[in-house]
Amino acid sequence: MTQFAACAPEMEEGAPSDFEDEEVATLAEGLSISALHDYVQGVAVQSKVCTTDSPASSHTVDCTVDAGYALVGGGARVPPPASGSGGLLRESRPVDGRTWRASSQQHIVSAPHNLSIYALGLRLDGVTAQTLRDQIGIVSPYAPANSLASPGIRRMISGGGRVTSGARFFTSSKPAGEVAVKDHIVSSSGAIELYLTHMPPGIIEGFGALEIQQRTGSSSANASIGVATATVSVTPGYAVIGYGGDSTSVSERRLPATG
């Protein structure tokens, strides 16, 4: 998980804000959409969640932050089924300055499922959304390999990837700029793309400086259902701008969720 703190002028006590903590839910065709907003010391973060309404054998869904925000991270989750197999992730990545896209698919056996996509947006007082988007770069090198590591560019804030060929599924997608995939039961070759989201170091004109940290957590799998969940809490005074996951078991379990 990637988190950041902002070095910005303190707000006066009781100063009004348009971005208090709030949750807003709306409906779009085939999607349930909710948004959580947080604001502190000149920094506004929006967490948008877009969830399919009807189970299907596969999904590809875009989740877009509001126009006043710049996309800084995202993730996806296939809710676990009550019984049987669920879907597996094949894509979780930034598309442009506002949109995160994710794809899931059943494999070998019938497994209708839903998909939730997370998009994280950032707004800084004194900086327009377009100016902030211009500061945030998205790089997408391509290689026919099982895993790709990020080149040494600027400050990494999040990352993602997608399987472009073959029956392969995520085993790792981490903010540090690494994504890995693997076939499952049936042998399959294929290729993937890695997407890196990064910002320049130093001062952001009109705002100030941002401090970025990464935190990690781990969990053991529940042997009865073969599912593990790991959670990490941010340091007080920081906000989440990116997250990911990594299967570290010998069998390299496929990820139904990252984010």
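The values are calculated or read from the model by the stated rules, or taken from the named source; none is laboratory data. This one's a predicted model, so the numbers in the text were calculated from it and none came from an experiment. Backbone-built Cβ (ideal geometry, glycine too); neighbour counts: all protein chains shown.
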Residues that are in contact with a Pro (Cβ under 7 Å, 6 or more places away or on another chain), at pLDDT 70 or above and at negative phi: find the strands (runs of 3 or more DSSP E) completely inside region 96-180 holding 2 or more of those.
155-165
Considering each residue of region 97-117, count those that are of a type in the set (Gly, Ala, Ser) and over 20 Å from Glu193 (Cβ atoms), and give that number.
3
What number of residues within region 80-94 satisfy the criterion of being in contact with a Ser or Thr (Cβ under 9 Å, 6 or more places away or on another chain) and either at pLDDT 90 or above or over 15 Å from Ser58 (Cβ atoms) (or both)?
3
State which residue is surrounded by the fewest Cβ atoms within 10 Å (Cβ to Cβ) when the search covers only region 94-113 and only residues that are touching a Gly at 6+ places or on another chain (Cβ under 8 Å), within 19 Å of Leu31 (Cβ to Cβ) and polar (S, T, N, Q).
Gln105
